[in-house]
Amino acid sequence: MKALVLKDYGRFAVEDFPVPELQPDEVLVRVRACGICGSDVHGMDGSTGRRIPPIVMGHEAAGEIAEVSGAVTGWKPGDRVTFDSTVSCGECWFCQRGNVNLCENRRVLGVSCGEYRRHGAFAEFVAVPQRILYRLPDNLSFDQAAMVEAVSVAVHAVKRTPLAADGVALVVGTGMIGLLVVQALRAAGCAEVIENRLRLALKLGATQILRADDATWLDKVRARTGGRGVDAAFEVVGLPQTVKTTIESVRKGGSVTLVGNLKPQVDLPLQAVVTRELTLIGTCASAGEYPECLELIASGKINVTEFISATPPLAEGAQWFERLHAGEPGLMKVLLKP
Ligand SMILES: [Zn+2]
Ligand SMILES: [Zn+2]
């Protein structure tokens, strides 16, 4: 099969690669679309240490089952599927409780980090265990389905956050995940969603946008919330200033959900958190929300097509990685088509 192989940091080749051999509980998926994730872009230059070459990256994919191994039940060739980006073990203490995102033995597809190397979906075929497979609704395209991981991050973050239906939420961060959080909040029935900065947010369900460089933004948040601040705020950036901003925006007794982590460490306004009795919530990946997310996309409650910038063939992968790595403005999700 053809695969896009990271041969060396910053250097790709599309070349012949062995079709993955199946374990008894695995299926072979013919990949129809696979998204380039930020973690792939940061991984290709060696800065994260999680894409040690040679590796076939790619964990945000959808396709059809081409082959099923001996112990697989309930799936057959031709089934349209997507799968969790994380291969959880299904057996550890966390998996037993449904916290598959916290699995002790989690392995991400398309990652090679010293502990393990698991080839991913920038290839014609990828091997996936049955327990992380999900069936696609008939009206969902492969391209839409390849966006489900990002949607699930947003939906999981919203699920982890206590929020009354008449609540007001603020989303800080205008990247794709931030805009998906806006949509997930609306889909969950949150009455008012304020987003800072981007006009697209209005189209996707925000009721107000604020500019981060507007010195009076906090006054505007308070004016909208009886002087109290928002009930819940989502930090979808992960920088010291935005974490501070997010915490300032919340009312006493409110919650701050931390999604972004561009920096591994930030200063925390400890006294504000303690004396205002804030709840800080960390959230990572997702845990079983895929079926719900696929329905949200299929029903149009969450729009993902706004974020798909290009769908080039796998053979053009290297140049698209380059453009994403250079931070080309306006470029959001690129889906490679093997
Ligand atoms: Zn990803
Ligand atoms: Zn586990």
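The values are calculated or read from the model by the stated rules, or taken from the named source; none is laboratory data. Because the structure is a prediction, the values reported are computed rather than measured. Note that each Cβ is placed from the backbone with ideal geometry, even for glycine, and that neighbours are counted across all protein chains shown. Heavy atoms of the whole protein, side chains included, go into the accessibility calculation; ligands, DNA and RNA do not. Shrake-Rupley method; radii C 1.70, N 1.55, O 1.52, S 1.80 Å.
If only residues of region 61-85 that are over 19 Å from ARG117 (Cβ atoms) and of a type in the set (A, V, I, L, M, F, W, C) are counted, the one that is nearest to ligand 1 (Cβ to nearest atom) is ALA62. Condition first: open to solvent by 30 Å² or more (accessible area, probe 1.4 Å), under 23 Å from ILE52 (Cβ atoms) and within 16 Å of ligand 2 (Cβ to nearest atom). Now tell me which residues in region 108-136 satisfy that. GLU115, ARG118, listed by residue number.
Taking region 32-43 as the range and being open to solvent by 10 Å² or more (accessible area, probe 1.4 Å) and either under 14 Å from GLY110 (Cβ atoms) or modelled with pLDDT under 95 (or both) as the test, the residues that pass are CYS37, GLY38, SER39, VAL41, HIS42.
I need every pair where a residue in region 93-110 that is β-branched (Val, Ile, Thr) has its Cβ under 8 Å from the Cβ of a residue that is away from ligand 1 (no atom under 16 Å from the Cβ), sequence separation at least 6 or different chains. Cβ pairs passing all conditions: VAL100/GLY90; VAL100/PHE94; VAL100/GLY288.
Can you pull out every residue in region 88-127 that is aliphatic (A, V, I, L, M), within 16 Å of ligand 1 (Cβ to nearest atom) and either closer than 12 Å to ALA61 by Cβ or part of a strand (DSSP E or B) (or both)? If the condition is that a residue be aliphatic (A, V, I, L, M), within 16 Å of ligand 1 (Cβ to nearest atom) and either closer than 12 Å to ALA61 by Cβ or part of a strand (DSSP E or B) (or both), then VAL108, LEU109, VAL111, ALA121, VAL126 are the ones that fit. For beta carbons closer than 7 Å, sequence separation of 6+ or different chains, a first residue in region 30-42 that is touching a residue at least 40 places away in the same chain (Cβ under 8 Å) and a second that is among the aromatic types (Phe, Trp, Tyr), the qualifying pairs are ARG30/PHE125; VAL31/PHE125; ARG32/PHE142; ALA33/PHE142; CYS34/PHE122; ILE36/TRP320; ILE36/PHE321; VAL41/PHE321. Within region 137-149, restricting attention to residues that are open to solvent by less than 10 Å² (accessible area, probe 1.4 Å) and assigned to a helix (DSSP H, G or I), the residue that is nearest to ligand 2 (Cβ to nearest atom) is VAL148.
Among residues of region 258-290 being closer than 21 Å to SER39 by Cα and hydroxyl-bearing (Ser, Thr, Tyr), the one that is most open to solvent (accessible area, probe 1.4 Å) is THR283.
Yes/no per residue for (1) within 29 Å of GLY300 (Cα to Cα); (2) open to solvent by 10 Å² or more (accessible area, probe 1.4 Å); (3) of a type in the set (A, V, I, L, M); (4) assigned to a strand (DSSP E or B):
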{"position": "ARG228", "(1), (2), (3), (4)": "no, yes, no, no"}
{"position": "VAL237", "(1), (2), (3), (4)": "yes, yes, yes, no"}
{"position": "ARG251", "(1), (2), (3), (4)": "no, yes, no, yes"}
{"position": "GLY254", "(1), (2), (3), (4)": "no, no, no, yes"}
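Which is in contact with a Cys (Cβ under 9 Å, 6 or more places away or on another chain), assigned to a loop (DSSP other than H, G, I, E, B) and within 16 Å of ligand 1 (Cβ to nearest atom), of GLY58, GLY49?
Working: GLY49 fails: within 16 Å of ligand 1 (Cβ to nearest atom).
Just one listed residue meets the conditions, GLY58.
Scanning region 156-193 for residues that are under 22 Å from ASP40 (Cβ atoms), open to solvent by less than 10 Å² (accessible area, probe 1.4 Å) and not small (Gly, Ala, Ser) gives LEU179, LEU180, VAL181.
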